[in-house]
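Enquirer: Below you will find the structure I want to go over with you.
The values are calculated or read from the model by the stated rules, or taken from the named source; none is laboratory data. Quick caveat: nothing in here was measured; it's all calculated off a predicted structure. Cβ placement follows ideal geometry from the backbone for every residue including glycine, while neighbour counts extend to all protein chains displayed. Side chains included, ligands, DNA and RNA excluded: accessible areas come from the protein's heavy atoms. Shrake-Rupley method; radii C 1.70, N 1.55, O 1.52, S 1.80 Å.
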Amino acid sequence: MFNNYLPHMDTIDTGMDTGIETGIETGSKIRAGRYPLIDVLRGSAIIMMIVFHFSFDLTTFGYADFDFYHSPFWLNFQILIVSIFTFVMGISFHLANLATLATKEKTNWKKYFKRLALLGSSAALITISTYFINGDRFIYFGILHFIFIASLFALAFLRLYWTNLILGSGILLINTLYANPIFNHIYLQWIGLMTYKPATDDYEPVIPWFGIVLIGMFFARWAISEGNIRLFSTWQAQSSAAKILKLAGIHSLIIYLLHQPLFYGLFYLVAWLST
């Protein structure tokens, strides 16, 4: 089912791009490179995240009064951002492992664990920094923590096809129908299925978001590897806006890590100049 002409892919991609190349179909072959449309999707999520966090900071520093914990707009906006990140992660995970799927080449575990170490250290940095900045609402299982765990889990589902669509949809359905107080325990909150939303400024549990990852993995195989949607292979970023989004998608992890410190520095500078 996969094209026989595949590049050597020895890394595993994530929703936050870490510089991993994916295969791009050119005629009857797939060459090493990137899908600009996927970078644009990831970049769009990054830009929306920046807007969300800047608006959140405006409220934190008293320049606005947005209700991020009850307003349907902000709650749904956050869901949209995370949905794009996790969907793109599923797509990227499949594409980064095309060679392994087609030729049964062994995964380069050294590079795989190097990527995991980068994600894990970045997630730990978020936890430590928000603990000192946000106090009780510090982030202990946000989007980077989820991507780290999902990168481990996704390996077991790499060779599945339609089953990923079924399982992913099932996880989303379970999330809407079932909750249990047992998952309120601090050591189980990363799973999801809690009876309340914990007091943290970014909570992205395995359920439901791993369901989106599985659907993304299915979509990548059906739409790109199977060639059912040619747009991913042919589309190029032509406009200035598309090129900016593409660049943001390529450097999404570093943007994610740096944008809040820059915002906080800006707000503290404005406060200092105003005194």
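Enquirer: May I ask you to list the residues in segment 207-237 that are among the basic types (Lys, Arg) and part of a helix (DSSP H, G or I)?
Expert: 221, the sole residue that qualifies.
Enquirer: Before we move on, is residue 254 buried (at least 19 other Cβ atoms within 10 Å of the Cβ) and either hydrophobic (A, V, I, L, M, F, W, C) or within 15 Å of the chain's Cα centre (by Cα) (or both)?
Expert: Judged against the criteria, residue 254 is not a match.
Enquirer: Checking the structure you have, find out if any residue of segment 101-124 is surrounded by 14 or more Cβ atoms within 10 Å (Cβ to Cβ), closer than 22 Å to residue 196 by Cα and modelled with pLDDT under 95.
Expert: Scanning segment 101-124, I find no residue that is surrounded by 14 or more Cβ atoms within 10 Å (Cβ to Cβ), closer than 22 Å to residue 196 by Cα and modelled with pLDDT under 95, so the answer is no.
Enquirer: Let me ask something else. Quick one: in segment 186-239, of everything that is hydroxyl-bearing (Ser, Thr, Tyr) and at pLDDT below 90, which residue is farthest from residue 138 (Cα to Cα)?
Expert: 234
Enquirer: Here is a follow-up. Do you know which of the residues in segment 238-251 that are in a helix (DSSP H, G or I) and of a type in the set (Gly, Ala, Ser) is surrounded by the fewest Cβ atoms within 10 Å (Cβ to Cβ)?
Expert: 240
So that you can scan it fast, the table gives a plain yes or no per residue for (1) touching a residue at least 40 places away in the same chain (Cβ under 8 Å); (2) surrounded by fewer than 16 Cβ atoms within 10 Å (Cβ to Cβ):
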| residue | (1), (2) |
| --- | --- |
| 185 | no, yes |
| 189 | yes, no |
| 193 | no, no |
| 205 | yes, no |
| 217 | yes, no |
| 225 | yes, no |
| 236 | yes, yes |
| 269 | no, yes |
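Enquirer: May I ask you to list the residues in segment 147-156 that are open to solvent by 50 Å² or more (accessible area, probe 1.4 Å) and touching a helix residue (DSSP H, G or I) at 6+ places or on another chain (Cβ under 8 Å)?
Expert: Of everything in segment 147-156, those that are open to solvent by 50 Å² or more (accessible area, probe 1.4 Å) and touching a helix residue (DSSP H, G or I) at 6+ places or on another chain (Cβ under 8 Å) turn out to be 148, 152, 153.
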